[in-house]
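All of the numbers you see were taken from the coordinates with simple rules; none came from a lab. On a predicted model such as this, the values are computed, not experimentally measured, just so you know. Cβ placement follows ideal geometry from the backbone for every residue including glycine, while neighbour counts extend to all protein chains displayed.
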Amino acid sequence: MEQLTLQVCTPEGVCFDGKIISVTLRTVVGDICIMNHHANYMTTIENGRASIKTDEKEISAVCSGGFISVMDNVVRIIANKFEELIQ
């Protein structure tokens, strides 16, 4: 399956940096799912859940504040908080 690159950063440092299949999170205009070849995009993030799908697993996290940027198959999330939920 085709993948894109995701980088997640918080004030504490880099939380995730790797290849993914998709990322879903809450924005000011509603939930959004970013997949391979998504149009270039930028918006602010609302408090809520984030879901990252990789080849091996699905990661659920709590995400609060910040923004998401998509450009040329690279997704960057700059968040106030991004904490993985233990399942």
Could you give me the radius of gyration and the Dmax of the chain, taking only the C-alpha atoms into account and expressing both in angstrom?
11.6, 32
On a straight-distance basis, which aspartates and glutamates could pair with Lys81 in a cross-link, Cα separation under 15 angstrom, same-chain partners fewer than 8 positions away excluded?
Glu12, Glu46
Lys/Arg +1, Asp/Glu -1 at C-beta; the chain dipole; positive extreme among Gly66, Ser22, Ile52
Gly66
In nanometres, what is the gap between the two model label sites at Glu83 and Phe67, each 7 Å from Cα along Cα-to-Cβ?
2.6 nm
